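Working notes, structure below.
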Amino acid sequence: MRYVFVSYNYSPDFDDPQAWFVRTLGYTGLMDQLSKRHEVINVKQINYEGIVNHNNIAYHFVNFSKKKLHFNFRLNLYVKSLNPDIVIFHGLHQPVQLIQLGLMLGKSTPIIVQNHAEKPFPGGIKKLLQKLADRYAHAYLFASHDMGLEWVAAGNLKSPEKIHEVMEVSSVFFPIDRPEAESQTNTKNAPVFLWVGRLNDNKDPLNVVKAFLKFAQGSPGVKLYMIYHTEELLPEINELINASLNKEAIELIGKVPHADLLYWYNSADFIISGSHYEGSGTAICEAMSCGCVPLVTDILSFRMITNNGECGVLYERGNEAALLDVLRQTAHMNVAEKRRLSMEYYKQNLSFEAIAEQIEEIAEGLV
């Protein structure tokens with residue numbers, strides 16, 4: 001079967017295919033797995049033109065439009081010329097492109113649409129276009145089935161029958177010996193808690209910091225390491241830490257190379273999130289692949305990624321007392337069992353291998 005992946009976004013900052021491969025590791029592992037049993041073509045617009053074969057995948061770098069135009073006839077025609085058996089269409093916020101592609105391909109070529117954290121348009125012409133575009137999508141992939149149902153409830157999608165629960169991204173990381181990891185991170189105290197994410201309002205690091213500082217009052221030796229690549233709320237975080245008698249309990253690491261997260265995930269016992277909304281949860285997925293126990297907010301994507309909390313603990317988003325209670329629960333938790341559950345669930349549901357098998361099953365039901 002020939003799978004063709006297509007994205008209508010243009011990424012002008014990349015003019016080197018090798019740099020693009022590194023940038024998209026969290027997504028291309030799926031195609032790597034599919035390419036073991038199928039022909040896989042990925043059509044992408046960067047500041048480079050040409051066909052590059054990488055890991056048995058044919059990357060077709062085209063440059064038909066340097067702007068996000070609604071009418072990209074040439075790109076749609078190019079996709080059709082590849083004679084796909086299945087098209088994986090990235091994103092639900094480009095309904096015009098989906099309509100055009102669907103009309104061009106005809107009913108015989110199924111289109112699977114991948115959600116990338118988009119929310120349904122609330123009204124107006126954009127909502128009407130999403131409703132119309134739904135006619136040309138044969139299946140939708142959401143990290144959580146309930147996230148897809150929100151689109152149905154909003155009226156942007158007609159029926160839940162097309163919705164499939166498939167993780168958006170996965171992890172390139174794996175378990176290694178903890179002493180090896182600790183030699184790179186210099187983490188010695190246990191238990192070790194880890195934060196990985198932006199310091200913005202949606203990620204809510206302030207709630208996490210407040211709860212952890214209170215937790216540290218009665219739990220000497222606990223340590224939270226915070227890794228982040230944006231600093232929106234860093235001044236407020238520094239103010240909270242510096243005003244606390246337990247300031248040594250939190251260490252702000254800042255930005256690290258993505259590859260180094262292998263050592264951080266393998267040095268930690270727990271991964272914390274304060275997110276109010278996530279399309280999937282890349283950092284949590286990566287951490288679970290190394291055996292970290294997730295302590296995360298009770299949102300739709302995290303319910304899926306933790307098997308409704310079986311792999312870790314869910315708490316009410318934005319609730320400092322709820323997170324504090326969860327942190328205190330860790331003292332009596334069977335961490336080894338939770339780690340086992342996390343890695344087992346990751347392998348069976350969140351790994352690239354598992355995602356590829358799920359998409360294959362969906363595709364086979366469409367052709």
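Tabulated values for the structure
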read-out: Summed side-chain charge close to THR109 - residues other than THR109 whose Cβ falls under 11 Å, Lys, Arg +1, Asp, Glu -1; value: +2
read-out: Label-point gap, in nm, between ASN56 and LYS36 - each point 7 angstrom along Cα→Cβ; value: 0.8 nm
read-out: Percent breakdown of C-alpha pair distances by 10 Å bin, ordered from the shortest bin, for the stretch 1-135; value: 11, 43, 36, 9, 0
read-out: Reachable aspartates and glutamates from LYS162, criterion Cα separation under 12 angstrom, eight or more residues apart if same chain; value: ASP134
read-out: Listed pairs LYS44/LYS255; LYS44/LYS107; LYS80/LYS119; LYS119/LYS203 exceeding 21 Å between Cα atoms; value: LYS44/LYS255; LYS44/LYS107; LYS80/LYS119
read-out: The stretch 1-38: trypsin sites (Lys or Arg not before Pro) falling in loop per DSSP and having at most 16 other Cβ within 10 Å; value: LYS36, ARG37
read-out: Qualifying trypsin sites (Lys or Arg not before Pro) for the stretch 67-139 [loop in DSSP, other Cβ within 10 Å: at most 10]; value: LYS67, LYS107
read-out: Reachable aspartates and glutamates from LYS210, criterion Cα separation under 16 angstrom, eight or more residues apart if same chain; value: ASP201, GLU236, GLU239, GLU248, GLU251, GLU316, GLU320, ASP325
read-out: The stretch 329-367-the stretch 115-171 distance, computed between alpha-carbon centres (Å); value: 23 Å
read-out: Cα pair distances of the stretch 173-282 binned at 10 Å [whole percent]; value: 14, 47, 34, 5
read-out: Rg to Rh, two decimals, where the stretch 143-189 supplies the alpha carbon set and Rh follows Kirkwood; value: 1.41
read-out: Loop sites in the stretch 187-231: trypsin sites (Lys or Arg not before Pro), DSSP, at most 12 other Cβ within 10 Å; value: LYS188
read-out: Coarse-grained scattering of the stretch 106-217 at q = 0.19 Å⁻¹, given as base-10 log I(q)/I(0) from a Debye sum over alpha-carbon atoms; value: -1.04
read-out: CD proxy at 222 nm, helix term only [per DSSP H run n ≥ 4: -39500 (n - 2.57); per residue of the chain; nearest 500]; value: -11000 deg cm²/dmol
read-out: Within the accessible area of the chain (1.4 Å probe), percent carbon and sulfur; value: 50 percent
read-out: Principal axis dimensions, largest first and in whole angstrom, of the stretch 240-367 by Cα; value: 62, 31, 28
read-out: Rg over Rh, two decimals, the chain (C-alpha only, Kirkwood Rh); value: 0.99
read-out: The chain, accessible area per residue, ligands and nucleic acids excluded (1.4 Å, Å²); value: 45 Å²
read-out: Per-pair calculated FRET efficiency, R0 = 22 Å: LYS107 and GLU357 via Cβ, rounded to 0.05; value: 0.25
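The values are calculated or read from the model by the stated rules, or taken from the named source; none is laboratory data. In this text the structure is predicted, and so the values were computed from the model without any measurement. FYI the Cβ positions are ideal-geometry reconstructions off the backbone, even for glycines, and counts take in every protein chain you see. All accessible areas refer to the heavy atoms of the entire protein, side chains included, with ligands and DNA or RNA removed. Shrake-Rupley method; radii C 1.70, N 1.55, O 1.52, S 1.80 Å.
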